[in-house]
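Reading through the structure tokens given below for one structure.
FYI, it's all coordinate maths here, none of it is from the lab. Just so you know, these numbers come straight off a predicted model, no measurement behind them. Glycine also receives a Cβ, built like all others from the backbone with ideal geometry; neighbour counts cover every protein chain displayed.
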Amino acid sequence: MVTGAKRLADYGERAKAHARATRPDGPGWDWVDDPGFRIFWNAPALILISGARSIAESPWDCCRAGQNLMLSAHARGLGACWVGSPMAWLTAPEGASEVGIPDGFAPVAPILVGHPAVTPLPREIERPEIVWR
């Protein structure tokens, strides 16, 4: 776990610079040039779920753990957000080293946790037809 909004903001700037330098051609990368975009959204904590590279199911296990962590955070009145924008940096040797990912492990689920600024009200949706066969 990485804590501290200032620390995460510093990591976010490194992650953004890395993404800017290594971005592929194509759409979807406008955020790297947006000076107002914050990789870690000013959150106070990042829980980085990582899995052993040697175990084929690790990414799936990490995804399941991430989903359960987010549900648990919500049940406790916290906000949680799974972020993808720092992944290029987190998977690069310098980023992985800086946040303390051990050798042999790969980051899978970077999840921000904090107190939400707002909690939207649930909305009514039409229930879909479900057909069992």
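The table below gives the values:
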{"item": "For the chain, the longest site-free run once chymotrypsin sites (Phe, Trp or Tyr not before Pro) in DSSP loop states with at most 14 other Cβ atoms within 10 Å are removed", "result": "38-131"}
{"item": "Residues Ile47, Ile55, Ile125, sorted so that the one with the fewest Cβ neighbours within 10 Å comes first", "result": "Ile125, Ile55, Ile47"}
{"item": "Least to most buried among Thr119, Thr91 (fewest other Cβ within 10 Å first)", "result": "Thr119, Thr91"}
{"item": "Helix-derived mean residue ellipticity, 222 nm - over the chain, DSSP H n ≥ 4, -39500 (n - 2.57), to 500", "result": "-11000 deg cm²/dmol"}
{"item": "The range 1-74: C-alpha pair distances exceeding 21 Å, %", "result": "48 percent"}
{"item": "Cα-based helix-to-principal-axis angle, 58-75 vs the chain, degrees rounded to 10", "result": "60 degrees"}
{"item": "The range 10-63 - charge dipole about Cα centre, Lys and Arg +1 at Cβ, Asp and Glu -1, debye rounded to 20", "result": "140 debye"}
{"item": "Excluding exposed DSSP-loop GluC sites (Glu not before Pro) (at most 12 other C-beta within 10 Å), longest clean stretch of the chain", "result": "58-123"}
{"item": "Two-site FRET efficiency, Trp60 against Thr22, from Cβ-Cβ distance with R₀ of 30 Å, rounded to 0.05", "result": "0.70"}
{"item": "Relative contact order of the chain, defined on C-alpha pairs under 8 angstrom at six or more residues apart (%)", "result": "31 percent"}
{"item": "At most 13 other Cβ within 10 Å, DSSP loop - trypsin sites (Lys or Arg not before Pro), the range 28-64", "result": "Arg53"}
{"item": "Debye, to nearest 20: dipole size of the chain, +1 on Lys, Arg Cβ, -1 on Asp, Glu Cβ", "result": "300 debye"}
{"item": "Exposure proxy order (Cβ contacts within 10 Å, fewest to most) of Asp33, Asp10", "result": "Asp33, Asp10"}
